[in-house]
Structure formats: C-alpha cells, structure tokens
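Input: a single structure, listed below in structure tokens.
The values are calculated or read from the model by the stated rules, or taken from the named source; none is laboratory data. Computed from a predicted model, the values in this text were never measured in an experiment. Cβ: placed from backbone, ideal geometry, glycine included. Neighbour counts: every protein chain shown.
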Amino acid sequence: MSTEEINNVVESCFATELEKFKVQRSALSETPKSGKKKEQEKTVLEIIEVIAPILIKTVCAAMRLQVAHLDKEVQSLKTGLAARDEQIDGLVKKVATLEAEADRREQYSRRPNLRFQGIPEEDGENTDAVVIGTIQQKLGLTHIVADHLERSHRLGPKKDEQGRPRKRAMIVRFRSEAVRDEVFRARTRLKEYNRQFQDNQIHVNEDLTAKRAMLAYRTRQLKRQKQIADCWTYAGRVLIKTNIGTVKEIVTDQDLPKM
C-alpha cells in the first residue's frame, strides 16, 4: 500500500468518526435539556469539529514520515538482496567453471584407458594375458601384444553384498593412444560374437568420468526410447545423432533433448 493510499484510509476513518459526532450533536440538540448543560455539550462538539481536522493532518503527516522511512528500508533491503543474488550467481558460475575444468582434466588423464566388460574371470588370472587374448582372438588384432599395455586390473570387489560372484569389468591402460584408438575402433567386430553368445557378451567402452558416464547412460536411454537416432563416445566426448541427422556433443544435462 502506498503512502497516499494509507493517508486516504486514515482520513476516511477520521471523517467517518467526525460524521458520527455530528449526528450525535444533532441528536443532542433535539433532546430537551437545561440551558447550561446544552450549552456545554454544544461547546464540546464544536471543539471536536475544530480539533478533528488538525488531528487528521497531524496523524497523516506522522504516518507519511513513517511510511517513507519504511520504504527507504525496503529499498535498501532490495538493493542488498540484489547484490547478494549477483554475488551468488557469480560464485555458482565460478564453481561450474572449476568443476568443468576438473572434469576435463580427469578425462584427459583417462584418455589412454579402455574398459572391457564381460570377459570371464578366473582365480589367479593374469589380466594382461586375458585382455591380450581377447584383443587378438575377438577383435582380430594379432599384432597387439602385452608390451602395448601399461597395466590392467579388475574393478571392484569379487562378490556382491549377498556374497554372489560379480561380473567385474577390466580397465586397461595402453602405452600408446594410437594403439588404444585402434582397439576401440575394432570393438564393432564384437557385434557378431555378441549376437551368438548373448549371455556372455563382451563390450569395450571408453573410461569416462562419473559425470560423462552418466550423460552417456542417459543418451542410451534416449536412444532406446527413440528420442534420438544414435549415441556414442569418442575421445571422452559424449555425442548423439538427432532424429533429423544432426550430430551434437552433450556436455551437460541441458544439452540433452527434452522428452
């Protein structure tokens, strides 16, 4: 409510009360009374009629000052909140930039890695020998040998919380990104094998950060729902092909097509 509106309300209230006094004065003037008493009541009502407008102006002036003071405080609070919101927005953007840079650096460190899912596990196995056997026999890259690997190992515990054996993935770090890329490109040769042995399928994927792995998972969901034509990853980048044939990189959730 504005200052003017408050003044109008106050003046209206006082005017109403003044009208009541006038009605009362009229009633009193018509009531038979002694001359002295009647004169006293007339004097009181006349005084009220004189004082009332002055009182209205005084109260309105005081309220006007109070409302102006409150308006000033409100504006000050709004200015402070706006500055705080701007500061928070700046910090949010800075955090997002730092998180993006940290994710980029982490993904870069994972660049020479590949993850092999579905390779049967045996006790006391030599993971280097196991993965080289898969690369040579399933992918047909017989020229790639153990010397091309920097290291390899299984991921996670052998058993789940119920004590049942887990099908643990294997992470492999190659000495050369060129060899790593050659193996990754050859993963398409697993399609025929996976069609024949659907219960023991083998998959080769890039070693993605948690953020990028989640984005890749969501793109696969969209593909199953036919919201997009295709999805894949390359050099740590999550990519999709839309239903109109456009290739697009997915960096954040906001880049995903809306359902």
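Scan Val92, Val9 and give me the residue that is loosely packed, with under 14 Cβ neighbours inside 10 Å, outside the structural domain of Arg187 (by TED's automatic domain parsing), at pLDDT 80 or above and assigned to a helix (DSSP H, G or I).
Val92
Got at least one residue in region 105-123 being more than 15 Å from Asp207 (Cβ to Cβ) and not assigned by TED's automatic domain parsing to the domain that holds Leu190?
no
Is it the case that some residue within region 70-89 is among the β-branched types (Val, Ile, Thr) and either touching a strand residue (DSSP E or B) at 6+ places or on another chain (Cβ under 8 Å) or closer than 30 Å to Asn205 by Cα (or both)?
So far as region 70-89 goes, no, none of its residues is among the β-branched types (Val, Ile, Thr) and either touching a strand residue (DSSP E or B) at 6+ places or on another chain (Cβ under 8 Å) or closer than 30 Å to Asn205 by Cα (or both).
Cβ-Cβ distance below 6 Å, separation of 6 or more or different chains: which pairs start in region 198-222 with a residue that is touching a residue at least 40 places away in the same chain (Cβ under 8 Å) and end on one that is part of a helix (DSSP H, G or I)?
Pairs that qualify, where the first residue is touching a residue at least 40 places away in the same chain (Cβ under 8 Å) and the partner is part of a helix (DSSP H, G or I), are Gln201/Asn194; Ile202/Leu190; Val204/Arg187; Thr209/Asp103; Thr209/Glu106; Thr209/Gln107; Lys211/Asp103.
Just name the residue that is surrounded by the fewest Cβ atoms within 10 Å (Cβ to Cβ) out of those in region 164-175 that are touching a residue at least 60 places away in the same chain (Cβ under 8 Å) and assigned to a strand (DSSP E or B).
The extreme case among them is Arg173.
Do we have Arg175 as among the basic types (Lys, Arg), assigned by TED's automatic domain parsing to the domain that holds Lys138, in contact with a helix residue (DSSP H, G or I) (Cβ under 8 Å, 6 or more places away or on another chain) and closer than 29 Å to Pro120 by Cα here?
Yes, satisfied.
Matching residues to (1) of a type in the set (Gly, Ala, Ser); (2) closer than 30 Å to Asn243 by Cα; (3) surrounded by 13 or more Cβ atoms within 10 Å (Cβ to Cβ):
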residue: Leu139; (1), (2), (3): no, no, yes
residue: Gly156; (1), (2), (3): yes, no, no
residue: Gln162; (1), (2), (3): no, no, no
residue: Leu190; (1), (2), (3): no, yes, yes
residue: Ala210; (1), (2), (3): yes, yes, no
residue: Ala216; (1), (2), (3): yes, yes, yes
residue: Gln227; (1), (2), (3): no, yes, yes
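When region 144-154 is examined, which residues are found to be surrounded by fewer than 17 Cβ atoms within 10 Å (Cβ to Cβ) and either in a helix (DSSP H, G or I) or not assigned by TED's automatic domain parsing to the domain that holds Ala186 (or both)?
Once the filter is applied, which keeps residues that are surrounded by fewer than 17 Cβ atoms within 10 Å (Cβ to Cβ) and either in a helix (DSSP H, G or I) or not assigned by TED's automatic domain parsing to the domain that holds Ala186 (or both), region 144-154 yields Ala146, Asp147.
Give all pairs with beta carbons closer than 6 Å in which a residue from region 77-105 that is closer than 20 Å to Leu208 by Cβ meets a residue that is surrounded by 10 or more Cβ atoms within 10 Å (Cβ to Cβ); count only pairs at least 6 apart in sequence or on separate chains.
If the second residue must be surrounded by 10 or more Cβ atoms within 10 Å (Cβ to Cβ), the pairs left are Asp103/Thr209; Asp103/Lys211.
I'd like to know if region 128-143 contains one or more residues that are under 30 Å from Pro157 (Cβ atoms) and part of a loop (DSSP other than H, G, I, E, B).
Yes, region 128-143 contains a residue that is under 30 Å from Pro157 (Cβ atoms) and part of a loop (DSSP other than H, G, I, E, B).
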